[in-house]
Amino acid sequence: MNLFVFGAAYITAFAQEKYVYIKEFNKDINIRIFTPKFIKGSFGYIERQRNKKLAKEEIVEIKSYFNSSHMKYLLDPFKIIFLLIKYRPERIHIEEDPYSIIAFEVILLKLLFSKKTKISFFLWDNLDRTPTFPKNIWKRFSNRYFLSLADFVVVGNIDGEKILRFNKKYNGKIYVLPQLGLNEKKYIYGDKTKRETINIGYAGRLVEEKGLRDLYNAFLKLNCPNKKLIILGSGPLLKEITEWMKILGDMMEYHPAIPHNEMPNFFKFIDIFVLPSVSTKRWKEQFGLVLAEAMMSGVPCVGSSSGAIPEVIGPGGLIYTEQDVKSLTLCLQTLVDNNDLRLSYGKRGQQFAKERYSLKSLSKKYIDIFNERA
């Protein structure tokens, strides 16, 4: 099978590893991944990378235009046309929203130059947001028409499946799977029995919707003489977090954001991981990859009820009603007071993560889907 993959998510070598595993498990799949040359992220621009295990031609060197976000970039249409005609892919898998510019470009070129190629999508959207006029007209049309061309759609969470089925009226096959997987060999549960403190950790963007103030207030109420709060990340709340450090002193550490391949080292020092996200009218947690990483490391989790957090954590920790600081404090106190319970949640979460979030497991599921729908 010749498979063309489009999506800004695969601009990093880490994300491309899913397709490394897919190739290893199924030698009959020939993959070409198309990404912009660079893309604007939350904290600056990211340039296209290539995983060392993928050949140069598999991460297609192609011009891109605009590049202001994953919704607003174009790829060189003449290069796409050339490759469509040369390889006649059996499938094009688009990991962008149907109303994005790149989705429009790819589907148009497919209809003109490779009519028999099947289309599929990956979508994260777990809120049915309606943009203002005239964007709302384009979104409604592109969702209905482009999705009607899809052989199947993969969504990252259960809410996304519901929206796709009932709001967007998609009648085709839907699979609920994460977009990215984790290399379980890199996540090792460190020996924490000799540590003098109980480290409560957060990693991610330092923004309002991540609920960090709730975590800080719950930490203050926590009855534990040897507690420590460790926060890792970057964002606009850094100034406020610096003030918390002055108040808490030795009970708090802050570390700037680190490359993704260094994240397993962070979790070696964490006893309880917290994702206290707060939903807004325009956003709720779509997945929370850090939760999967914490569980893969054997770390018990506490998460709010925002979006997909409860389904991601599963048996690996405790859930509280978002913005309920009293409930968050109770969850933390329960785990702080009971080492055996922390170990139990950690082991169950680790097994759950291996089954659902490991690259090995996830890649095999994608192969099954691609083969089933071939």
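Name, by its number, the condition in (1) open to solvent by 10 Å² or more (accessible area, probe 1.4 Å); (2) among the charged types (D, E, K, R); (3) in contact with a Phe, Trp or Tyr (Cβ under 7 Å, 6 or more places away or on another chain) that does not hold for Glu293.
If we test Glu293 against (1) open to solvent by 10 Å² or more (accessible area, probe 1.4 Å); (2) among the charged types (D, E, K, R); (3) in contact with a Phe, Trp or Tyr (Cβ under 7 Å, 6 or more places away or on another chain), just (1) comes out false.
Quick one: would you say Gly307 is among the small types (Gly, Ala, Ser) and part of a strand (DSSP E or B)?
Spelling it out, it is not the case that Gly307 is among the small types (Gly, Ala, Ser) and part of a strand (DSSP E or B).
Looking at (1) touching a strand residue (DSSP E or B) at 6+ places or on another chain (Cβ under 8 Å); (2) open to solvent by 70 Å² or more (accessible area, probe 1.4 Å), which is the only condition Lys185 fails?
Exception for Lys185: condition (1).
The rows are residues; the columns are (1) in contact with a Phe, Trp or Tyr (Cβ under 8 Å, 6 or more places away or on another chain); (2) of a type in the set (Ser, Thr, Tyr); (3) closer than 21 Å to Leu291 by Cα; (4) part of a helix (DSSP H, G or I).
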position: Glu209; (1), (2), (3), (4): yes, no, yes, yes
position: Asp214; (1), (2), (3), (4): no, no, yes, yes
position: Leu220; (1), (2), (3), (4): no, no, no, yes
position: Ile231; (1), (2), (3), (4): yes, no, yes, no
position: Thr242; (1), (2), (3), (4): yes, yes, no, yes
position: Asp250; (1), (2), (3), (4): no, no, no, yes
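If I ask for residues that are closer than 20 Å to Glu90 by Cβ, open to solvent by 10 Å² or more (accessible area, probe 1.4 Å) and in contact (Cβ under 8 Å) with a residue 60 or more places away in the chain, which ones from the range 25-60 would you list?
Result: Phe25, Asn26.
Can you run down the residue pairs with Cβ atoms below 8 Å, 6 or more apart or on separate chains, where the first is in the range 139-150 and touching a residue at least 40 places away in the same chain (Cβ under 8 Å) and the partner is loosely packed, with under 13 Cβ neighbours inside 10 Å and not in a helix (DSSP H, G or I)?
Pairs found: Lys139/Thr130; Lys139/Pro131.
Does Phe66 qualify as being in contact with a strand residue (DSSP E or B) (Cβ under 9 Å, 6 or more places away or on another chain), surrounded by fewer than 20 Cβ atoms within 10 Å (Cβ to Cβ), aromatic (Phe, Trp, Tyr) and at pLDDT below 95?
Yes.
With respect to Ile270, determine if the residue is more than 17 Å from Ala294 (Cα to Cα), modelled with pLDDT of 95 or more and of a type in the set (A, V, I, L, M, F, W, C).
Spelling it out, it is not the case that Ile270 is more than 17 Å from Ala294 (Cα to Cα), modelled with pLDDT of 95 or more and of a type in the set (A, V, I, L, M, F, W, C).
Here is a list: Lys162, Lys110. Which entry is buried (at least 18 other Cβ atoms within 10 Å of the Cβ), basic (Lys, Arg) and modelled with pLDDT of 95 or more?
Lys110
Among the residues of the range 265-304, count how many are part of a helix (DSSP H, G or I) and within 26 Å of Cys224 (Cβ to Cβ).
The number of residues fulfilling the criteria is 9.
Residues of the range 255-277 being more than 19 Å from Gly181 (Cα to Cα), of a type outside the set (Lys, Arg) and open to solvent by 50 Å² or more (accessible area, probe 1.4 Å), which ones?
Hits for the range 255-277 are His255, Pro256, Ala257, Phe269.
Go through (1) exposed (fewer than 13 other Cβ atoms within 10 Å of the Cβ); (2) more than 30 Å from Lys169 (Cα to Cα) one by one and return the number of the condition Pro134 breaks.
(2)
In the range 137-158, which residues are closer than 15 Å to Tyr175 by Cβ and out of contact with any Asp or Glu (no Cβ under 7 Å at 6 or more places or on another chain)?
The answer is Leu147, Ala150, Asp151, Phe152, Val153, Val154, Gly156.
Specify the residue that is nearest to Leu362 (Cα to Cα); the eligible residues are those in the range 141-167 that are of a type in the set (D, E, K, R) and within 22 Å of the chain's Cα centre (by Cα).
Applying the filter and picking the extreme gives Glu161.
From Asp97, Asp125, which residue is touching a Leu at 6+ places or on another chain (Cβ under 7 Å) and surrounded by 18 or more Cβ atoms within 10 Å (Cβ to Cβ)?
Step by step, each of Asp97, Asp125 is checked, and only Asp97 is touching a Leu at 6+ places or on another chain (Cβ under 7 Å) and surrounded by 18 or more Cβ atoms within 10 Å (Cβ to Cβ).
The values are calculated or read from the model by the stated rules, or taken from the named source; none is laboratory data. Everything quoted here is computed from the prediction, not taken from an experiment. Here Cβ is always computed from backbone atoms with ideal geometry, including for glycine, and neighbour counts include all displayed protein chains. Protein only, heavy atoms only, side chains kept; ligands, DNA and RNA dropped before computing areas. Shrake-Rupley method; radii C 1.70, N 1.55, O 1.52, S 1.80 Å.
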